[in-house]
Amino acid sequence: MQFSFFSALGSILADSGFAAFLEDPRSLIMILISFVLLYLGIGKRFEPLLLIPIAFGMLLANFPLTGLLNAPVDGSSPGMLWVFYQGVQHAIYPSIIFLGIGAMTDFGPLIARPSSLLLGAAAQLGIFSAFLLALALGFPSAVAAAIAIIGGADGPTSILVASRLAADYLPAIAIAAYSYMALIPLIQPPIMRLLTTRKEREIKMEQLRPVSKTEKIIFPIAVATVVILLIPDTAPLIGMLMLGNLLRECGLTDRLSDTAQNALCNIVTIFLGLSVGCKAIASTFLTWDTIKIIILGLLAFIFSTVGGLVFGKIMCKLTGGKVNPLIGSAGVSAVPMAARVSQVEGQKANPVNFLLMHAMGPNVAGVIGSAVAAGFMLKVFGA
């Protein structure tokens, strides 16, 4: 049989991914979207540590004929991305990320000013507002609950809830959550200036009391015990968050704390990003629902900021002007970005103002608050 170079080349091209694009050109659109996300992550530095793996996972998932997403059938080997996604499906990656967050977080400001918990709770307004709006737009209750968690400004929590309640919407929810987290310095300041007077922004708060080592050790144990017994579905997130903090504060596990903060967290971030991105396929992503989720996510962030600021103003009145309302906007759980925004806006009004440590109280309270809200949603709407 005579070999024909052109016949062989034609056969290769006919069986290639390029030819497969002709059957479903929507995959090509998804690849272009992944390029845009890579540009935002690399060129604009929007949450690059997660947006770049998410975008690359999206890119890999939309190459035709790779088998990367194939589930195991009759003893066959599963695709690589299918294996990675099991860490999201079974709440492993978000929980390990929370372990790292706990190891990085100082809960001292919250312990020194327990009233910060109220600001963190008030800043969850966006979650419940977005839930009602999503229901009004026709989303099923479970999907609405998953979308609403975007308002907590907490990427791992959004991913966990979406994977349990709305797996098909996971990429849109995750991308919205992390994109708006990166845009906090742009979204929050106009709202902060709109809802507060210059006199309120100039308020200089008293220095926080010192927090003892014993208090810092007891705090994660007590929070884990009370919250998990109250809402058992919070166990993966609250449990790992408080374990990470205990490793940080006990003074005997520095190596474990360092590993949780750095190497382990970085490794899991890669797998988490790829796993989220690989679910962004054309059939579920290129829909009007995705646009609705992006809009609802923005509204959720705005309502969360408003809730924190309004309660901050109430606390300012009740304390006779001792609380700067700006720290209320830090009640969303984007640590420490939201606290830094409060600091910057406070210093613009009063150059000698130092609000960072005061804002960290509501900020870390927001982490706990969003995890509790997520547990509540899972309890009520989970299968």
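The values are calculated or read from the model by the stated rules, or taken from the named source; none is laboratory data. Quick caveat: nothing in here was measured; it's all calculated off a predicted structure. For neighbour counting, all protein chains shown are included, and Cβ atoms are generated from backbone atoms with ideal geometry for every residue, glycine included.
A compact table of results
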{"item": "Within segment 226-278, helices (runs of 4 or more DSSP H) holding 2 or more residues that are of a type in the set (Val, Ile, Thr) and touching a residue at least 40 places away in the same chain (Cβ under 8 Å)", "result": "263-277"}
{"item": "Among the residues listed as Phe63, Phe46, Phe56, the single one being surrounded by fewer than 17 Cβ atoms within 10 Å (Cβ to Cβ) and either farther than 28 Å from Leu378 by Cα or polar (S, T, N, Q) (or both)", "result": "Phe63"}
{"item": "Count of segment 327-367 residues which are among the aliphatic types (A, V, I, L, M), closer than 24 Å to Thr157 by Cβ and surrounded by 24 or more Cβ atoms within 10 Å (Cβ to Cβ)", "result": "12"}
{"item": "Flag for Ala144 being without any contact (Cβ under 8 Å) to a residue 24 or more places away in the chain, closer than 19 Å to Asp233 by Cα and not in a loop (DSSP other than H, G, I, E, B)", "result": "yes"}
{"item": "Selected residue (only one of Glu249, Glu200 is of a type in the set (D, E, K, R) and more than 25 Å from the chain's Cα centre (by Cα))", "result": "Glu200"}
{"item": "Top-ranked residue in segment 279-326 [being in a helix (DSSP H, G or I) and either of a type in the set (S, T, N, Q) or touching a strand residue (DSSP E or B) at 6+ places or on another chain (Cβ under 8 Å) (or both); ranked as farthest from Ile149 (Cα to Cα)]", "result": "Ser283"}
{"item": "Single match in Ser329, Ser333 (criterion: among the hydroxyl-bearing types (Ser, Thr, Tyr) and either free of Cβ contacts under 8 Å to residues at least 24 places away in the same chain or not in a helix (DSSP H, G or I) (or both))", "result": "Ser333"}
{"item": "Filtered residue count, segment 92-120, keeping only those that are aliphatic (A, V, I, L, M) and surrounded by 21 or more Cβ atoms within 10 Å (Cβ to Cβ)", "result": "7"}
{"item": "Residue that is farthest from Gly361 (Cα to Cα), among those in segment 121-138 that are surrounded by 19 or more Cβ atoms within 10 Å (Cβ to Cβ) and small (Gly, Ala, Ser)", "result": "Ala134"}
{"item": "Complete set of residues in segment 144-167 that are surrounded by fewer than 24 Cβ atoms within 10 Å (Cβ to Cβ) and within 17 Å of Leu296 (Cα to Cα)", "result": "Ala144, Ala166"}
{"item": "Among the candidates Ile111, Ile127, Ile101, residue that is within 12 Å of the chain's Cα centre (by Cα) and either assigned to a helix (DSSP H, G or I) or of a type in the set (Gly, Ala, Ser) (or both)", "result": "Ile101"}
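Yes/no matrix, rows are residues, columns are (1) modelled with pLDDT of 95 or more; (2) over 27 Å from Val223 (Cα atoms); (3) surrounded by fewer than 24 Cβ atoms within 10 Å (Cβ to Cβ):
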position	(1), (2), (3)
Leu237	no, no, no
Leu247	yes, no, yes
Leu256	yes, no, yes
Gly273	no, yes, no
Thr287	no, yes, yes
Thr290	no, yes, yes
Ile294	no, yes, yes
